[in-house]
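Quick notes on the structure that follows.
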């Protein structure tokens with residue numbers, strides 16, 4: 001029982017990775033981006049902790065808002081071909097874990113946790129590229 005709780009917590013605690021881009025967004029004065037990231041952290045953490053339907057919907061909406069925000073800041077950033085290639089690699093890598101076939105609940109939990117980690121790296125990458133551009 002303890003091991004399953006630990007595994008379940010992995011999926012939830014990987015949301016901590018989004019605190020880095022959230023901190024960067026706040027520090028560099030991007031309040032809308034920061035609000036979207038706060039919503040992502042809050043809704044995902046609460047949904048994965050409680051499983052309530054309303055938080056599931058909020059989790060999905062906030063994830064799509066983050067994708068749109070990342071697309072906006074990627075578009076406004078100073079991206080060259082190498083940057084775009086690296087970004088596409090990380091997106092493909094994250095989608096692998098998002099849509100990888102799962103055999104059991106444990107596989108899903110780990111895949112979803114890795115999805116959180118890689119998605120947060122993509123967000124940091126977009127944010128830093130925007131700020132340096």
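Nothing in this text is a laboratory measurement; each read-out follows from the coordinates by a stated rule. Every value quoted in this text rests on a predicted model; they were computed, and no experiment measured them. Cβ sites come from the backbone with ideal geometry, for glycine too, and all protein chains shown count toward neighbours.
Given a Förster radius of 22 Å and the C-beta distance between residue 56 and residue 19 as r, what FRET efficiency does 1/(1 + (r/R0)^6) yield to the nearest 0.05?
0.50
Give me the mean projected area, in nm² to one decimal, of the convex hull enclosing the Cα positions of segment 67-116.
Here the figure is 3.8 nm², rounded to one decimal.
Can you tell me the orientation of helix 53-76 relative to the chain, as the angle in degrees between its alpha-carbon axis and the longest Cα principal axis, to the nearest 10?
Approximately 20 degrees, to the nearest 10.
Distance between Cα centroids, segment 85-112 to segment 34-52: provide it in whole Å.
Their Cα centres are 19 Å away from one another.
Can you tell me which of 73, 53, 114 moves the most in a GNM of the chain? Springs connect C-alpha atoms under 10 Å apart.
Checking each option, the largest mean-square fluctuation is seen for 53.
Grab the Cα-Cα distance for residue 124 and residue 9, subtract it from 0.36 nm times how many residues apart they are, and report the gain in nm with one decimal.
My answer for the length gained is 39.1 nm.
Comparing 19, 30, 65, which has the greatest mean-square fluctuation in the GNM of the chain with Cα pairs linked when under 10 Å apart?
The residue that fluctuates most here is 30.
What's the FRET efficiency of residue 26 with residue 72 using the Cβ-Cβ distance as r and R₀ = 25 Å, to the nearest 0.05?
After rounding, the FRET efficiency stands at 0.90.
For residue 64 and residue 93, calculate 0.36 nm times their separation in residues minus their Cα-Cα distance, and state this gained length in nm to one decimal.
Length gained, residue 64 through residue 93: 8.7 nm.
Could you tell me, in Å, what Rg and Dmax come out for the Cα atoms of the chain?
In order Rg, Dmax, the Cα atoms of the chain give 15.2, 49 Å.
Quick check on the chain: helices-only [θ] at 222 nm, where DSSP H runs of length 4 and up contribute -39,500 (n - 2.57) each and the sum goes over total residues. Nearest 500, please.
-28500 deg cm²/dmol
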